[in-house]
Amino acid sequence: MKQYIYFMAIIALLAMSCGQGELQKEAASDSTGTGINIGNIQELSASDTLPYNDSVTVLQSGGAPIIAADWDKKLVKTAHLNLELHNYDSFDYALHHQLKSFGAYIASEKQERTESTVQNTLTIKVPVAQFESLLGSLNGRGILVKEKEITAEDVTTSIIDTKARTEAKKIVRARYLELMKESRKMDDVLTIQDQLNNVQQTIENNTGHVNQLEQQAAYSTINLSYYQPNVITDVQPDQPGYGWQLFTSFTNGLSIIGNVLLFIVAIWPFAIIGIVAWLYFSKRRNHLKTQKSIQDA
């Protein structure tokens, strides 16, 4: 009797295990054989960000993300300087030639000259490591600092946050690609493709934003304006000496003679006509006098 009970118990256990196996097969066939559930796509889209823990790199270890922190400070430094100069040309020449030694370059330049001042306005981009050195060189003898303002914006958190979100979006993109491979219905494919396009656009926007912030942090900005007022003085010219006056008078006389000769040469036709006319009238007058003398005799 006991052997019969043990035998029936073993048969019951085997039946239960076979039933569970069939249920698992049916569940698997429902999830893969008939296509992708759209609800799974929406759920994935709603939870496509990772927990933010000041990370820039997301690594996979056993299916779980590992956060790698990067707290290298990223500062966007900007300076505004207004200088009054004693010698504008000397400072302008030296500035343009020394920028290369700091690894800096001019992003924009505008020069203005008026009756009262000469002024130049520059936007200088300089590596952040040379920012303080270049500022220190913009001082010295003949340079009066009229205005100076320095600001620094910490964009470290923004860069780290954007990088972390970008890595999370890349994981979401990989999941969507896997779902697309498993999909069997055209509607599912189109829905996944639409989500993929949105994720890709977000990744590209985040990457561009990070690149922009890193470029701003790598090169600081110096907005420099410098000018020199025009100094007007009433200085009487030196009086020339007696020898110089004599030489000047002599050259002026020669100039007058030359001008007279040029005038005579210019009117030579009229001079010839005048001489011919004078000779004609003189001869005629003498002829008339001779005839009158004969008649009187």
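T121 sits among other residues whose Cβ lies under 11 Å from its own Cβ, and their net charge, with Lys and Arg +1 and Asp and Glu -1, is -1.
Here D161 and E84 are evaluated by their C-beta separation; at R0 = 51 Å the FRET efficiency comes out at 0.70. Note on K125: lysines with a C-alpha under 29 Å away, same-chain residues under 8 apart excluded, are K73, K74, K77, K100, K110, K146, K148, K163.
Peptides 285-294, 157-166 ranked from most to least packed by the mean count of surrounding Cβ atoms within 10 Å: 157-166, 285-294. With a/c under 1.5 counting as rounded, go ahead and sort the stretch 239-287 into rounded, prolate or oblate using the C-alpha gyration tensor (a ≥ b ≥ c being the square roots of the eigenvalues; past the cut-off, prolate if a/b is larger than b/c, else oblate). It comes out prolate by the Cα gyration axes. Applying the Karplus relation 6.51 cos²θ - 1.76 cosθ + 1.60 with θ = phi - 60° to the stretch 91-98 yields 3J(HN,Hα) values of 5, 4, 5, 5, 4, 5, 8, 9 Hz, where x marks Gly and Pro. Classification of the stretch 84-194 by its C-alpha gyration tensor yields a prolate form. The axis ratio a/c (a ≥ b ≥ c) is 1.5 or more, and a/b outweighs b/c. For a straight C-alpha distance cut-off of 21 angstrom, the lysines reachable from K170 (same-chain residues fewer than eight places away being disregarded) are K181. Would any residue of the stretch 190-222 have its amide N under 15 Å from a label point 7 Å out along Cα→Cβ of I150? List them or say none. Flagged as within label range: 220-222. Each of the peptides 272-280, 146-154, 214-222 was scored by the mean count of other Cβ atoms within 10 Å over its residues; in descending order, highest first, they stand as 214-222, 146-154, 272-280.
Treat every Asp and Glu Cβ in the stretch 112-153 as -1 and every Lys and Arg Cβ as +1, leave all other atoms uncharged, and give the resulting dipole magnitude about the Cα centre to the nearest 20 debye.
For the stretch 112-153, the charge dipole is close to 180 debye.
Bear in mind these aren't lab numbers, they're just calculated from the coordinates by the rules spelled out. Not measured: the values here are computed from a predicted model. FYI the Cβ positions are ideal-geometry reconstructions off the backbone, even for glycines, and counts take in every protein chain you see.
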